[in-house]
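Structure record follows, encoded as structure tokens.
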Amino acid sequence: MKLGTKLRISLFVKPPGWIRKISSNMVWRIPVEEPVLYLTFDDGPVSGLTEWILEELEKYGAKATFFCVGENVRGNPELYAKILGAGHAAGNHTFSHLNSYRTGLRRYVKDIYKARKVIDSRLFRPPYGRIRPLAARILMPRFRIILWDVLSMDYDRELEPRIVMYNVVSKARPGSIIVFHDNPKARENLEYALPRVLDHYSRAGYRFLALDENFLKK
């Protein structure tokens, strides 16, 4: 594995403690001791791929949280309804998948509220895991900002699928919030890693739960 690839993995898969400390008002992990994991999927829903994810989750009785892009929900309303109908949770991932650091504050917040019209959820995850402090302060009275304990990096096409799987099984612990993507660019890695992650942790006695808005209330 190239040095640059190893560096990306070490920096992104498990957020450093100092980052969590300065963003302690955001949710990085659920503080539980029992064997529970919280799978999350960003960027969908996407026809074909999201259905496959739902089928894999059903095989293991697993529930997850889908951080949806508003324009994808608008384009796939029946698929969004299928996510909710299967007992999974949804979260807001902006309407247009905007990067907070490359978007004006007013436009960014407006985009999130536009997404809220089609995604009825108090859970919010900023695309790319990046959000300006002022934007976070504006949003926190209405949303819980959800980040992660383990990033699979399934979107990185330079990574072999087995590395994506290893990123998860080597780092996840009880209460971990784990990020995958229902995004076409992640498909090859996801189709390899997700079934193996579900099988690995199911055999180890873990359950997979959706994030509960009531549990996360301040």
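The values are calculated or read from the model by the stated rules, or taken from the named source; none is laboratory data. No experiment lies behind these values; they were computed from the predicted model shown. Here the Cβ is made from the backbone with ideal geometry for all residues, glycine too, and neighbour counts use every protein chain on show.
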**OP:** Being on the phi > 0 side of the Ramachandran plot and touching a strand residue (DSSP E or B) at 6+ places or on another chain (Cβ under 8 Å) is the filter here, so list the residues in region 153-195 that pass it.
**Re:** GLY175
Subject >> Residue check, GLU78 among the acidic types (Asp, Glu), over 20 Å from HIS97 (Cα atoms) and assigned to a helix (DSSP H, G or I) >> reply: yes
Subject >> Residues of region 130-151 satisfying the condition of being over 19 Å from GLY104 (Cβ atoms), surrounded by fewer than 17 Cβ atoms within 10 Å (Cβ to Cβ) and not aliphatic (A, V, I, L, M) >> reply: PRO141, ARG142
**OP:** Please state which of the following conditions ASP120 fails to meet, knowing it meets all the rest: (1) outside any helix (DSSP H, G or I); (2) in contact (Cβ under 8 Å) with a residue 60 or more places away in the chain.
**Re:** (2)
Original post:
Can you name the number of the only condition in (1) surrounded by 19 or more Cβ atoms within 10 Å (Cβ to Cβ); (2) at pLDDT below 95 that ASP43 fails?
Top reply: (2)
Subject >> Selection from region 162-182 of residues that are small (Gly, Ala, Ser) and either part of a helix (DSSP H, G or I) or more than 25 Å from HIS93 (Cα to Cα) (or both) >> reply: SER170
Original post:
Restricting the search to region 1-40, which residues are surrounded by fewer than 15 Cβ atoms within 10 Å (Cβ to Cβ), of a type in the set (S, T, N, Q) and at pLDDT 75 or above?
Top reply: SER24, ASN25
